[in-house]
1. Can you tally the net charge around H98? Count Lys and Arg as +1, Asp and Glu as -1, for every other residue whose Cβ sits under 13 Å from the Cβ of H98.
2. Would you mind computing Rg(Cα) / (2.2 N^0.38 Å) for the stretch 54-159, counting N as its residues?
3. Could you tell me whether the stretch 3-65 comes out rounded, prolate or oblate from its Cα gyration tensor? Rule is a ≥ b ≥ c as square roots of the eigenvalues, rounded for a/c under 1.5, then prolate if a/b exceeds b/c, otherwise oblate.
4. Loop-only check: which GluC sites (Glu not before Pro) in the stretch 14-96 are DSSP coil with at most 12 other Cβ within 10 angstrom?
5. Order of 157-163, 74-80 by packing, highest average Cβ count within 10 Å first?
6. About the Cα centre of the chain, how large is the charge dipole given +1 on each Lys and Arg Cβ and -1 on each Asp and Glu Cβ? Please answer in debye to the nearest 20.
7. I want to verify a result. In a Gaussian network model of the chain, Cα cutoff 10 Å, which of these has the top mean-square fluctuation: D147, D19, D87?
8. If the elastic network links every pair of Cα atoms under 10 Å, which of H101, H86, H12 fluctuates the most in the Gaussian network model of the chain?
Amino acid sequence: SLPYESLQKLTHLQELRFDRCSGLLENFPVQMKLMTLKVLYLDTCFIDSSWSPFFAWMAEQLPKLEDLRFFGISQTKQILNGFMAHDFCCQNNLKSLHLEHCGIDDGHFATLLLEILPTKFPNVSTLSLCYNQIQSFLPVVEKLKNDKTCSISPKLSALRQLKLNENPVLYKLND
């Protein structure tokens, strides 16, 4: 179990990393307040549900969060649904979102770019989707083309870096 009372006493804690903490996320102490945390990193953790206590905790207890990193987590739908299911107290502070080695495909990419970032994290300036399964930009282009109310520029005005290294779509561009 997580010694959350002890962690809460670290009043200047700015970065927290969870490695291979599968069971912990489903029994997460949602009452743990880390009011100064700026960076949260999850590496190879298992997320069972978008309604996991972990997402509720992230949404309610991390008002200063600026950088959120998921690495090697294959439960992509749970992550995206977790973003959509909650209102995040850090939504205006979050500047950097990394979902690397997470199995992001074309549809997930479109959802992140056109739905999640504009509505949940409008001030994200860096989106890193390296080492995923993005094959095509077509779902994004089609949604923009077919939905006359959808416009990418105002919704993503804060986005400055889109990192797509090691995705199949980049190899197709070279062919």
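All of the numbers you see were taken from the coordinates with simple rules; none came from a lab. These numbers come from a predicted model, not from an experiment. Cβ placement follows ideal geometry from the backbone for every residue including glycine, while neighbour counts extend to all protein chains displayed.
1. Around H98, the charge tally is 0.
2. 1.03
3. Cα axes put the stretch 3-65 in the prolate bin.
4. Values: sites: E15, E26, E60, E66; in loops: E66.
Of the GluC sites (Glu not before Pro), not one in the loops of the stretch 14-96 has a Cβ with at most 12 other Cβ atoms within 10 Å.
5. Values: 157-163: 13.1, 74-80: 18.6.
So the order, starting with the most tightly packed, is 74-80, 157-163.
6. For this selection, approximately 460 debye.
7. In this elastic network of the chain, the residue with the biggest mean-square fluctuation among D147, D19, D87 is D147.
8. So, out of H101, H86, H12, the one fluctuating most is H12.
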